[in-house]
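First up is the structure itself, then whatever we jot down about it.
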Amino acid sequence: MKSLQDTTTLHNGVKMPWVGLGVWRVNEGEEVVQSVKWAIEAGYRSIDTAAVYKNEEGVGKAIKEAGVPREELFITTKVWNDDQGYESTLSAFEESLKKLDLDYVDLYLIHWPVKGKYKETWRALEKLYKDGRVKAIGVSNFHIHHLKDLMEDAEIVPMVNQVETHPRLSQKELLQFCKENNIQMEAWSPLMQGELLGDPTLVEIANKYKKTPAQVILRWDLQNGVVVIPKSVKEHRIKENADLFDFELSREDMKKIDGLNLNKRVGPDPDNFNF
Ligand SMILES: NC(=O)c1ccc[n+]([C@@H]2O[C@H](COP(=O)([O-])OP(=O)(O)OC[C@H]3O[C@@H](n4cnc5c(N)ncnc54)[C@H](OP(=O)(O)O)[C@@H]3O)[C@@H](O)[C@H]2O)c1
């Protein structure tokens, strides 16, 4: 990967940018419109939203105002837990599409593995995919056992698994499983929501390459074959988080970052969430 617009190819041939902008906790209205426009101006082509973020309308507005052809963009949204099930997922999808004011989304994800429901939800995603309403389908917050269980009945293997991943939660076993099954792993909260940026090891490595700790973390993900979607509402950080293609971490520094893993989460464990 050499530039911000470089892509990974999903198992169905669809191309997905390695870097996107996340918009969780970005306010609907001016804030999300501005952030998405700054990102597209800076060269981002991928935006990650979700029904539950309540900012799909603003994402759609920004896409129109940015003036980049629709087919050059990669838009992800997700079905929320309350809407899981076959019919309710199909309705939730229509609602998201209407809010985004788009004809299709590039990637539709099951947001969390709601027990007893995610297989029916997956059947709805398979229908949307076969009907050409979405270019790719995937899951989020699935452990290996959730993926195995889903794949027992699925017709289509998920193309993506979006999970919390950062140097304190490196998810190496899951990454290996995803690679073996042609599932692209995607890191949410790649910066651990900002908590990791003062870590002395990351600061030291960043100084060595004349980059920032955020850039070092995101580069570590890319070199591991993981897609990243850092969130920022600040133009200079949106640019900083995309400036990842003029350096390469050595094998030794990759190992040092791997060594920071503590299996520590900032978000809930997918085996134990109640929403
Ligand atoms: N599937 C899921 O269940 C799930 C869960 C959580 C998140 N996500 C997705 O993943 C995206 C990213 O995760 P996230 O938003 O939780 O956290 P994140 O990207 O790890 O971190 C975002 C935080 O770091 C700050 N920040 C960003 N770039 C920075 C930089 N270069 N230097 C210093 N601080 C920086 C941001 O502040 P400012 O905005 O003030 O710059 C914000 O407070 C979300 O937006 C969402 O799209 C998905």
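Taking (1) within 20 Å of GLY13 (Cα to Cα); (2) surrounded by fewer than 17 Cβ atoms within 10 Å (Cβ to Cβ); (3) in contact (Cβ under 8 Å) with a residue 24 or more places away in the chain in turn, LYS172 satisfies each apart from (1).
Taking region 150-207 as the range and being within 20 Å of SER232 (Cα to Cα) and among the acidic types (Asp, Glu) as the test, the residues that pass are GLU164, GLU186, GLU195, ASP199. Selection of region 107-134 for residues being part of a helix (DSSP H, G or I) and aromatic (Phe, Trp, Tyr) yields TYR118, TRP122, TYR129. Within region 84-106, one or more residues are farther than 28 Å from VAL32 by Cβ, assigned to a helix (DSSP H, G or I), away from the ligand (no atom under 16 Å from the Cβ) and in contact with a helix residue (DSSP H, G or I) (Cβ under 7 Å, 6 or more places away or on another chain).
Of all residues in region 135-168, those that are in a helix (DSSP H, G or I), among the hydrophobic types (A, V, I, L, M, F, W, C) and more than 30 Å from PRO213 (Cα to Cα) total 3.
Screening region 63-109 for residues that are among the aliphatic types (A, V, I, L, M) and within 19 Å of PHE275 (Cα to Cα) and picking the one that is surrounded by the most Cβ atoms within 10 Å (Cβ to Cβ) gives VAL79.
Every condition in (1) part of a loop (DSSP other than H, G, I, E, B); (2) closer than 23 Å to ALA187 by Cβ is met by VAL68 except one, and the failing one is (2). Count of region 226-251 residues, restricted to those that are of a type outside the set (A, V, I, L, M) and free of Cβ contacts under 8 Å to residues at least 60 places away in the same chain, is 10. The residue that is nearest to the chain's Cα centre (by Cα), among those in region 41-65 that are under 24 Å from ASP243 (Cβ atoms) and either assigned to a loop (DSSP other than H, G, I, E, B) or modelled with pLDDT under 95 (or both), is THR49. Filtering region 7-27 to residues that are in a loop (DSSP other than H, G, I, E, B), more than 14 Å from the ligand (Cβ to nearest atom) and in contact (Cβ under 8 Å) with a residue 24 or more places away in the chain leaves LEU10, HIS11, ASN12, VAL14, TRP18. Answer with yes or no whether ASP258 is exposed (fewer than 14 other Cβ atoms within 10 Å of the Cβ) and either β-branched (Val, Ile, Thr) or touching a Ser or Thr at 6+ places or on another chain (Cβ under 8 Å) (or both). Yes, satisfied. Identification of helices (runs of 4 or more DSSP H) wholly contained in region 172-275 with 2 or more residues that are more than 12 Å from the ligand (Cβ to nearest atom) yields 172-180, 200-209, 213-223, 251-258. Restricting region 1-55 to residues that are of a type in the set (D, E, K, R) and touching a strand residue (DSSP E or B) at 6+ places or on another chain (Cβ under 8 Å) leaves a set whose member that is farthest from ASN224 (Cα to Cα) is ARG25.
The values are calculated or read from the model by the stated rules, or taken from the named source; none is laboratory data. Every value quoted in this text rests on a predicted model; they were computed, and no experiment measured them. So basically every Cβ, Gly included, is an ideal-geometry build from the backbone, and we count neighbours across all protein chains shown.
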